[in-house]
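Report on the structure given below.
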Amino acid sequence: MSEENDPADITGRGDHIAPAPRVSVQAFCETVETAAAIQSAGEDRRLAKAHLRIQMGGLTAAVEAYQSSPTPNVIILESEHRDEEILGGLDQLANYCDSGTRVIVIGHMNDVTLYRELVKRGVSDYMISPVDTLQVVRAVCGLYSAPDAKPVGRVIAVAGAKGGVGASTIAHNIAFSISHDLALDAVVTDLDLAFGTAGLDFNQDPPQGIAEAVFSPDRIDTAFVDRLLAKCTEHLSLLAAPATLDRVYDFGADAFDSIFDSLRATVPCVVLDVPHQWTGWSKQALSSADDVLIVAAPDLANLRNTKNLYDFLKAARPNDRLPHYCLNQVGVPKRPEIKTADFAKALEDEPVAIIPFEPQIFGAAANNGQMIAEISSGHRTAETFRQLAQRLTGRGETKKQRSSLLSPLFDKFRKRA
């Protein structure tokens, strides 16, 4: 999909917005359109931890409500009135507001003088109606992000449409490229606790890893999680899976949330290696990620599963960038394959990358505990991983691989090898 046609770019869904913490939000609306936008915002993944309540009546209803009840962390007020009435209503509300309560006002007037008066009264934000879902999400989440802070904690989830399609290998190579080529600090988080391969792929055998965190939820903070990280390179760390069968790894849907939150707070990029299983926590990991890459092989089962995942993620993350998918292990000799065009037609979207079946270089990398770029930095697949790293971190679009007149001939020789 080209940049100019990507709905994420048109609507701004690709913007990085840090999630809000567990806060209570109450909205008092005067129009059904504003109420609908706020309701939709409450269903966004970035406000998943917030407790939202909406009622009609605007400022008058808010003043009446808080005369006899404590105020929440955030109040959203819509008013269709003129300056004096808005300011008068806020002055009344101030008599009942707790000191820590943040107030967001949605008005129907584009008035600088009004805005200045609102700021004097401690209003956190002023939005002009009509508002959309993302404006509300950004306003609430922005209350808990330092305005001058550099955005950190972009979470990229990589999952296979089917077992054995190479999703872990691709996740690890993308993370390596993010750290090596983009010089961004990154953490690979291996979520396949029983059979994870990240330790093998990076030639690491750390004594501790993600199991220590997930089995000790009361100890989790940024310092504790940082101690569990194994250093792979200057900019790349690993939160390894134990890859042992001495325990059963059954977890609740939110088991990894505090771990991800701790990583978000200190690391610019977190790559989740999500195993091919459908549990509450794997569903949550994919739904809450900033970007998702589905890895598929070109066969019917992969097409069906990719379609199901793609449709689920589009519905679960309506205000986010669309999920991406790539085709891996393309061109296996004598294997019937579904054409890329048929994949794209079924998903109504083009793959962000097509990675050919090249067992020699991938096998050598796996056996040596290295990445493709370490084996051959100039290899075309290493370049593909660099492009994927740029796209998934919001630093550029992947380039379509250029084909020459000799490409069909090279493909024939490659298949015979």
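Numbers below:
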| item | result |
| --- | --- |
| Boolean, I86 is among the hydrophobic types (A, V, I, L, M, F, W, C), modelled with pLDDT of 85 or more, outside any helix (DSSP H, G or I) and closer than 25 Å to A36 by Cβ | no |
| One residue from I372, I338, I354 being among the hydrophobic types (A, V, I, L, M, F, W, C), open to solvent by less than 20 Å² (accessible area, probe 1.4 Å) and touching a residue at least 40 places away in the same chain (Cβ under 8 Å) | I372 |
| Number of positions in the range 301-327 that are open to solvent by less than 10 Å² (accessible area, probe 1.4 Å) and among the polar types (S, T, N, Q) | 2 |
| Subset of the range 175-220 (residues that are assigned to a loop (DSSP other than H, G, I, E, B), polar (S, T, N, Q) and touching a helix residue (DSSP H, G or I) at 6+ places or on another chain (Cβ under 7 Å)) | T197, Q208 |
| Cross-chain or 6+ apart pairs with Cβ under 8 Å, the range 378-400 first and at positive phi, then surrounded by fewer than 22 Cβ atoms within 10 Å (Cβ to Cβ) and at pLDDT below 90 | G394/G14; G394/H16 |
| Among (1) open to solvent by 30 Å² or more (accessible area, probe 1.4 Å); (2) within 27 Å of L309 (Cα to Cα); (3) of a type in the set (S, T, Y) - the single one T113 does not satisfy | (2) |
| Within the range 143-162, tally of residues that are modelled with pLDDT under 95 and open to solvent by 40 Å² or more (accessible area, probe 1.4 Å) | 9 |
| Pairs, first over 26 Å from Y144 (Cβ atoms) in the range 85-113, second open to solvent by less than 40 Å² (accessible area, probe 1.4 Å) and among the aliphatic types (A, V, I, L, M), C-beta under 6 Å, six or more apart | Q92/V63 |
| Qualifying residue in the range 197-208 (condition: touching a Cys at 6+ places or on another chain (Cβ under 8 Å), open to solvent by 40 Å² or more (accessible area, probe 1.4 Å) and under 26 Å from A373 (Cα atoms)) | yes |
| Failed condition for V214, given (1) open to solvent by less than 60 Å² (accessible area, probe 1.4 Å); (2) under 21 Å from the mean Cα position of the chain (by Cα); (3) under 24 Å from H180 (Cα atoms) | (3) |
| Unique residue being surrounded by 19 or more Cβ atoms within 10 Å (Cβ to Cβ), of a type outside the set (D, E, K, R) and touching an Asp or Glu at 6+ places or on another chain (Cβ under 7 Å) when the list is V292, V267 | V267 |
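Conditions tested, residue by residue: (1) of a type outside the set (D, E, K, R); (2) part of a strand (DSSP E or B); (3) at pLDDT 90 or above.
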position: I38; (1), (2), (3): yes, no, yes
position: Q67; (1), (2), (3): yes, no, no
position: P70; (1), (2), (3): yes, no, no
position: Y96; (1), (2), (3): yes, no, no
position: L114; (1), (2), (3): yes, no, no
position: Y126; (1), (2), (3): yes, yes, yes
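The values are calculated or read from the model by the stated rules, or taken from the named source; none is laboratory data. All of these numbers come straight from a predicted model, not from anything done at the bench. All Cβ positions, even for glycine, are placed from backbone atoms using ideal geometry, and neighbour counts span all protein chains on display. For the accessible areas, the whole protein counts, side chains as well, though only heavy atoms, and no ligand, DNA or RNA atoms are used. Shrake-Rupley method; radii C 1.70, N 1.55, O 1.52, S 1.80 Å.
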